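The values are calculated or read from the model by the stated rules, or taken from the named source; none is laboratory data. Because the structure is a prediction, the values reported are computed rather than measured. Here Cβ is always computed from backbone atoms with ideal geometry, including for glycine, and neighbour counts include all displayed protein chains.
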Amino acid sequence: MTQASAALYRGGVTHRRLRPRDHRLNYRVFWLLLDLAEIDGLDRRLLLFSRNRFNLLSFHDRDHGDGSGAGLRPQIEAFLDRAGVDLEGGAIRLLTMPRVLGYVFNPISLYYCHRADGRLAAVVYEVTSTFGVRHAYVIPVPAEDQAAGLIRQGAAKALYVSPFMGMEMDYEFRGHAPDDRLDMTIDGLDAEGLLITAAMTGERRDLSDASILSAAIALPFVTLKVMAAIHWEALKLWIKRVPLTRQPPRAWDPVTIQRNARESRLGR
């Protein structure tokens, strides 16, 4: 498998909630795949993309990690060290939505963490709630899945992301490191089984001024639409009388560190 470097993925996000009311959504979006070591070079090469300054598309370090604007690679490496993962200088590639004309909201961004020989060593799932809270799930990739970039992972839910879902849940992640295609499925399971399933899919395009302009014209103000869609879907769930849950106190640690790829609360 040839690992993609900087790329733009155009595709969509689908969600389906199974209980207590069936609820589905499907939105077209795009993401950027950015090697953390190459972002400054992209800033110099591209007219329509910038780092830490306004542009049609831009990447701001403070939109990720601890929000301080400090270097992201040292932050991710510190997480990986806690999980017992040493990349030996390998690439860390971040899949995320950029700021579009200065605005962004990323429900989830993914760091694909590779060893020096290209094998996928770990994935960091950076989840941000509409309440302004961010949590990272740091999960190693088993040795048997690393060469193929195969993702079969799980984690206990640690961040309150929706008033329509409680905390007694597990996540299961399935997919591959992005290459010609992006594929990631996230299932949410509670004591009764599968509650919600979401999928991110996309087709790879080289990251260029032409691909940026094309995506921005086809999907204008996409990041603003993400936030609007979250509230619109919440209104529809409320109309369907899906019960509300109470927001718990924040987790004491904003990072979930796992050494086992499939740790969970429910014992699956």
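Assessment of the stretch 246-255 against the conditions (within 27 Å of V138 (Cα to Cα), touching a Pro at 6+ places or on another chain (Cβ under 9 Å) and buried (at least 16 other Cβ atoms within 10 Å of the Cβ)) yields no matching residue.
Scan the stretch 104-152 residue by residue and report those that are of a type in the set (D, E, K, R) and closer than 27 Å to N55 by Cβ. So that I can check it myself, show each step before the final result.
Taking the stretch 104-152 and keeping what is of a type in the set (D, E, K, R), we get 115, 117, 119, 126, 134, 144-145, 152.
E126, R134 - these are the residues of the stretch 104-152 that are of a type in the set (D, E, K, R) and closer than 27 Å to N55 by Cβ.
Screening R16, R28, R10 for residues that are in contact (Cβ under 8 Å) with a residue 60 or more places away in the chain, touching a Lys or Arg at 6+ places or on another chain (Cβ under 6 Å) and not in a loop (DSSP other than H, G, I, E, B) leaves exactly one candidate, R16. Annotation note: Cβ proximity below 6 Å between a residue of the stretch 229-246 that is under 11 Å from H23 (Cβ atoms) and a residue that is in a loop (DSSP other than H, G, I, E, B) (sequence gap 6+ or interchain) occurs for L237/F164; K240/R21; V242/R21; V242/F164.
Selection over the stretch 54-90 of residues that are hydrophobic (A, V, I, L, M, F, W, C), in contact with a helix residue (DSSP H, G or I) (Cβ under 9 Å, 6 or more places away or on another chain) and surrounded by 15 or more Cβ atoms within 10 Å (Cβ to Cβ) gives a count of 6.
Considering the stretch 184-223, and only residues there that are surrounded by 16 or more Cβ atoms within 10 Å (Cβ to Cβ) and acidic (D, E), the residue that is modelled with the lowest pLDDT turns out to be D190.
Just checking, how many residues over the stretch 1-53 are basic (K, R) and either buried (at least 17 other Cβ atoms within 10 Å of the Cβ) or within 17 Å of M97 (Cβ to Cβ) (or both)? Count: 4.
Taken as a whole, the condition of being among the hydroxyl-bearing types (S, T, Y) and part of a loop (DSSP other than H, G, I, E, B) applies to T245.
Screening the candidates E172, E233, E168 for the property of being assigned to a loop (DSSP other than H, G, I, E, B) and in contact with a strand residue (DSSP E or B) (Cβ under 7 Å, 6 or more places away or on another chain) yields one hit, E168. Of all residues in the stretch 136-172, those satisfying the criterion of being among the acidic types (D, E) and farther than 18 Å from V255 by Cβ are E144, D145, E168, E172.
Here is the figure for the stretch 27-65: residues that are closer than 18 Å to T128 by Cβ and of a type in the set (G, A, S) total 2.
Every test in (1) under 27 Å from P20 (Cβ atoms); (2) in a loop (DSSP other than H, G, I, E, B); (3) touching a residue at least 60 places away in the same chain (Cβ under 8 Å) is passed by R259 save one, and that test is (1).
For the stretch 5-45, the set of residues classified as aliphatic (A, V, I, L, M) and closer than 22 Å to P178 by Cα consists of A6, A7, L8, V13, V29, L32, L33, L34, L36, A37, I39, L42, listed by residue number. Applying the condition of being in contact (Cβ under 8 Å) with a residue 24 or more places away in the chain, buried (at least 18 other Cβ atoms within 10 Å of the Cβ) and of a type in the set (V, I, T) to the stretch 114-139 and asking which residue is farthest from Q258 (Cα to Cα) yields V127.
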